[in-house]
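Accompanying notes for the structure given below.
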């Protein structure tokens, strides 16, 4: 393969040599032809040979034009050798001066064709010369000298030709070795250049900035990444100190330490904020390393610079996600907790104030207008707070439409802080009277907020407690109504803890049998018992008997009210199924909460209880408040009609207290009105209350509805009610207080407690 490579390298010079030889032989042929034509005598055969040299040269040049180089070489060498043979023969044969042409063509053959053609030409030339030697003897010498001269010539001429061949071959071989060595050096040099180009491209196209300096820290090279990132032109930085164009972010003390480290031959690493040509800050990680000669001498330094802008942006984004609200750009709940903790622990002396603010009916606004408008309102709300509050006020968004406002160092005493919180609350209410103009729609929106505040004393435990106390105050404000302000009091936290404990203990107490059923008698005008209202009490293992006014509102805040209502219904149906009530036709009235009445499983659960207990549905009355009706009037009407088909009567409880009582009477197929005790208690002494109760009774009679008056405590009240409506059913302390189930059965109905209990268990 190496030989072919070398021959390929020879090919171009040999072609050039043959081309020049053709031009030379063309000129030689032309001169020889001119000699023949101008000479005293002319030989036609000799003239033909010289003309043949010219034609042969022209033919070879034509073949060269056609890129037929193999034929060019053959024709040029062997054609001219044949023509030389003709000229030697015409010039006198072996002893002609033209014989010198044979060694010349032998040398040409060695160079342009190689060893084998040269040996062939040597053999052919010797043979031809032998023929010429035999044919043309030496005539001018004596016979003895002719023989000697002929032999000497025969030995000398081939010997000279062999010498020419040997020297030419040796020169060709030596030249070939030199060429091969040169080509090897060129190949090595080219490979080295390729490696250098590769490393240059790697450095030049590296995405990180690379700066090379001399030992005096003058820039001698920068790559494209450095120029693109810094905005410099290469001519601006070459020859400049790195202190001016590359590492200007190092202050003098750090630079001196870096120079000392580099002088010791070590690598230096660090981060700094450099500057682009336009002054823009570039946060970079820089590594400076020495470049040494094989002898260990430092001749250059290289700076490798990594752009940290993306990392800085990522860190900033992470910081924003952790500490800022993405919608408003204000601090979030986590930031608020940290700020409160720092404020309480680091600042001594004056007390601070925390105010929580929540937009009233925001969930309704969100349902009506959608999330996009709600987000826009929250953003405008945050901007409004920033606008109206002092600059040193700390504002955070901690929930959907809930904001926290921290006032630092308001007053030395808690009373003064409360007064200032009230003033700030008044300022905020006044600021919120200005409507918000949303960009996404033309209308404006008026906003009111409930606010809860707490005083932060330097000795308090921490930000979590402060935020919790403020949340308790905000909850109290929401209970009072829109636009309310409540400042935290210690009893609020106790109330909240008790409510949480009630919810937890009630959740465990229902399945553990801690509930007790109580009954309060309902009687007609003659004092006969016609039924009772089922009430529930809770026998807490530690607190004793807990009033329903305390645990039922807690249960109504969760699904506990459904479990509680299911327990009461089942106990009432179990009692209805006993002979004590089933045989006497007494009715039991059971309160059903709004949440329980609207629950999807209410009807199926009621049917299952009736089926399992065997209670007569015609003896069961469900008392439904107007709150359950107003939520979904169509659903309420559908369910009351279904209850009627089952034989269960419906009673509109607390009649007269709701704003839609008359509308409910018009739309709902109810069977009973239960007049609220607030009207009954004043009917005997207040003409207005008496007129209202009388009107209710008259309306009920015209609508053919049964009426139950609760809260009857005095005989005067009972006599007046009976006078207005002889069919009225009375309930209250006048007829008896609520009693436990067994006691009520024994006292009111005269039923043996053991027998009733046995019958209930059997049922």
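The values are calculated or read from the model by the stated rules, or taken from the named source; none is laboratory data. The shown structure was predicted, so the numbers you read here are calculated from the model rather than taken from an experiment. Ideal geometry is used to build each Cβ from the backbone, glycine not excepted, and the neighbour counts take in all protein chains shown.
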Quiz item: If you go through region 368-382, how many residues are more than 12 Å from residue 327 (Cβ to Cβ) and surrounded by 17 or more Cβ atoms within 10 Å (Cβ to Cβ)?
Solution: 2
Exercise. Would you mention how many residues in region 378-388 are in contact with a helix residue (DSSP H, G or I) (Cβ under 8 Å, 6 or more places away or on another chain) and under 18 Å from residue 332 (Cβ atoms)?
Key: 1
Quiz item: Which one of these does residue 249 not meet: (1) at pLDDT 85 or above; (2) within 17 Å of residue 306 (Cβ to Cβ)?
Solution: (1)
Self-check item: Residue tally, condition in contact with a strand residue (DSSP E or B) (Cβ under 8 Å, 6 or more places away or on another chain) and in a helix (DSSP H, G or I), over region 497-551
Solution: 6
Exercise. Report yes if residue 373 is modelled with pLDDT under 85 and touching a strand residue (DSSP E or B) at 6+ places or on another chain (Cβ under 9 Å), otherwise no.
Key: yes
Quiz item: What is the number of the single condition among (1) in a helix (DSSP H, G or I); (2) surrounded by fewer than 21 Cβ atoms within 10 Å (Cβ to Cβ); (3) in contact with a strand residue (DSSP E or B) (Cβ under 9 Å, 6 or more places away or on another chain); (4) modelled with pLDDT under 90 that residue 722 does not meet?
Solution: (4)
Quiz item: Which condition number in (1) buried (at least 18 other Cβ atoms within 10 Å of the Cβ); (2) in contact with a helix residue (DSSP H, G or I) (Cβ under 9 Å, 6 or more places away or on another chain); (3) in contact (Cβ under 8 Å) with a residue 60 or more places away in the chain is the one that residue 365 fails?
Solution: (1)
Exercise. Could you tell me whether residue 428 is in a helix (DSSP H, G or I) and modelled with pLDDT of 80 or more?
Key: yes
Practice problem: Identify the single condition in (1) modelled with pLDDT under 80; (2) buried (at least 19 other Cβ atoms within 10 Å of the Cβ) that residue 60 does not satisfy, given that it satisfies every other one. | Solution: (1)
Quiz prompt | Total residues in region 613-633, condition modelled with pLDDT of 80 or more and assigned to a helix (DSSP H, G or I) | solution = 4
Exercise. Using the structure shown, decide if residue 549 is in contact with a helix residue (DSSP H, G or I) (Cβ under 6 Å, 6 or more places away or on another chain) and modelled with pLDDT under 90.
Key: no
Practice problem: Would you mind stating whether residue 192 is exposed (fewer than 11 other Cβ atoms within 10 Å of the Cβ), part of a helix (DSSP H, G or I) and either modelled with pLDDT of 65 or more or in the same structural domain as residue 55 (by TED's automatic domain parsing) (or both)? | Solution: yes
Self-check item: residue 385 being closer than 15 Å to residue 450 by Cα, surrounded by 15 or more Cβ atoms within 10 Å (Cβ to Cβ) and within 34 Å of the chain's Cα centre (by Cα)
Solution: yes
Quiz item: Residue check, residue 527 against (1) out of contact with any helix residue (DSSP H, G or I) (no Cβ under 7 Å at 6 or more places or on another chain); (2) on the phi > 0 side of the Ramachandran plot; (3) surrounded by 14 or more Cβ atoms within 10 Å (Cβ to Cβ), all met but one. Which one?
Solution: (3)
Exercise. Could you list all residues from region 376-401 that are over 23 Å from residue 366 (Cβ atoms) and either in contact (Cβ under 8 Å) with a residue 60 or more places away in the chain or assigned to a strand (DSSP E or B) (or both)?
Key: 394
Quiz item: Taking residue 354, is it more than 22 Å from residue 420 (Cα to Cα) and touching a residue at least 12 places away in the same chain (Cβ under 8 Å)?
Solution: no
Quiz prompt | Pairs with Cβ under 9 Å, 6+ apart, first in region 575-600 and without any contact (Cβ under 8 Å) to a residue 24 or more places away in the chain, second in a loop (DSSP other than H, G, I, E, B) and surrounded by fewer than 20 Cβ atoms within 10 Å (Cβ to Cβ) | solution = none
Quiz item: When region 470-498 is examined, which residues are found to be surrounded by fewer than 14 Cβ atoms within 10 Å (Cβ to Cβ) and under 41 Å from the mean Cα position of the chain (by Cα)?
Solution: 479, 482, 497
Quiz item: Is one or more of the residues making up region 125-145 in a loop (DSSP other than H, G, I, E, B) and at pLDDT 65 or above?
Solution: no
Quiz prompt | Residue count, region 689-719 (criterion: closer than 15 Å to residue 670 by Cα and not in a helix (DSSP H, G or I)) | solution = 6
Quiz item: Looking at region 597-612, is at least one residue under 20 Å from residue 518 (Cβ atoms), buried (at least 19 other Cβ atoms within 10 Å of the Cβ) and either in contact with a helix residue (DSSP H, G or I) (Cβ under 8 Å, 6 or more places away or on another chain) or at pLDDT 90 or above (or both)?
Solution: no
